[in-house]
Amino acid sequence: MLDTTKSKQKSADRTLFLTFLKTTALAVGICIAFLATPVRAACNISDAKLEEAILQKPELRDPENRYLVLDLRTLRDAAFLLWTYGLVNDCERLVGNIKELIASPSIGRRGTSDEDAVDQQQAASEPLQQRLGKVKGSRGTLNEGPLVPISALDPGLLVNEIVGAEVRTSDDKIVGEVRNVVIGTKDQKDYVIVASGGFFVPGKDSLVVPLLSLVIDRARTSFFLPLTSAQIKSVPLMPDQDYLWLDDKKWRAKNDAIFQSLVSKTPRIGETSAPAGDRK
């Protein structure tokens, strides 16, 4: 009886010992795994103290350096993107560049005078033509709903819902993407600047389209002009890239009159009042 009791005790001790070994091994394994996991180093974008510098440095508040301030904020946003992608070293280098520009704003005026080089670099920012062959759009699909006039939208549009969106004709052919928005102040006439010749087409040819000439699909993904692809050819191109046409009342009146004339001759394309809460 005594031997049986001792045997049971030894078995229990052995089980307890094995359990201890397993627990210890598991804990050690977790520690090793934790230590082996790379920890993202800090790239403290706030160290650049950009906004503080803008408030404190008269140079950065100088109207001549307005674009430098915009560029610095763009660089700061780029540093944040690098950090989110785990490119911490690159983020830190960019923060260092920002600090350097803050310390010596005159560096921003040392740009190259080589116009060919500038043109080459700017060309890299132009979107390439999208070769998807999508001449015909998606109008006519099941349950798509009627198009909505801009003036009837509720809630209204955000700028980022407009810029970059495609604009199509009443026969659902591509016109181009919206490149810019002009907000009317004194005369309260708003325009969208639409690339001419297709979506993601390089080049500067654009149309000046009165904003209220547009209608939009219920998904808020595509704008439409109440003009056919044949009529759109009679619309003049934006005369200059520096927006000097904004002060040319004669040109604007002629451009606006063309849209009014063409729109009045074109059948409306399924407009209706906008349903509330359709924004995605």
Could you sort Ile258, Ile183 by their accessible area in this structure, using a 1.4 Å probe and putting the largest first? Ile183, Ile258
Fraction of alpha-carbon pairs over 14 Å apart in the stretch 140-180 - percent: 63 percent
If each of Ala253 and Ala230 carries a label point 7 Å out from its Cα toward its Cβ, how far apart are those two points in nm? 3.1 nm
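For Glu100 and Arg61, compute 0.36 nm times the residue count separating them, minus their Cα-Cα distance, and round to one decimal in nm.
Details: separation 39, 0.36 × 39 = 14.04 nm, distance 1.70 nm.
Between Glu100 and Arg61, full extension yields 12.3 nm more.
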Check Val175: other-chain or 5+ apart residues with amide H under 5 Å from its amide H, H built from backbone geometry? Val167, Arg168, Thr169
Please turn the phi angles of the stretch 93-103 into ³J(HN,Hα) values with the Karplus equation 6.51 cos²θ - 1.76 cosθ + 1.60 (θ = phi - 60°), one per residue in order, whole Hz, x for glycine and proline. 5, 5, 4, x, 5, 4, 4, 5, 5, 5, 5
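Determine by what factor the alpha-carbon radius of gyration of the stretch 68-107 differs from 2.2 N^0.38 Å, reporting the quotient.
For the stretch 68-107, the normalised Cα radius of gyration is 1.14.
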Val181 to Asp47: FRET efficiency via 1/(1 + (r/R0)^6), r the Cβ-Cβ distance, R0 35 Å, to the nearest 0.05? 0.50
Probe 1.4 Å - accessible area at Ser261, Å² to nearest ten: 50 Å²
Treat each spin label as a single point 7 Å out from the Cα along the C-beta direction, and report the Leu244 to Phe80 distance in nm. 3.8 nm
Say the cut-off is 28 Å between C-alpha atoms; which of Lys57/Lys186; Lys173/Lys254; Lys189/Lys233; Lys204/Lys250; Lys49/Lys189 go over it? Lys57/Lys186; Lys49/Lys189
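Give, as a single signed number, the net charge of other residues whose beta carbon lies under 11 Å from the beta carbon of Gly96, with Lys and Arg counted +1 and Asp and Glu -1.
On the way: positive: Arg93, Lys99; negative: Asp47, Asp90, Glu92, Glu100.
That works out to -2.
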Long-range amide H partners of Ser206 with built H, under 5 Å: Ser196, Met238
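The values are calculated or read from the model by the stated rules, or taken from the named source; none is laboratory data. The shown structure was predicted, so the numbers you read here are calculated from the model rather than taken from an experiment. Cβ coordinates were reconstructed from backbone atoms using ideal geometry, including for glycine residues, and neighbour counts include every protein chain displayed. Surface areas here come from the heavy atoms of the whole protein model, side chains and all, with no ligands, DNA or RNA. Shrake-Rupley method; radii C 1.70, N 1.55, O 1.52, S 1.80 Å.
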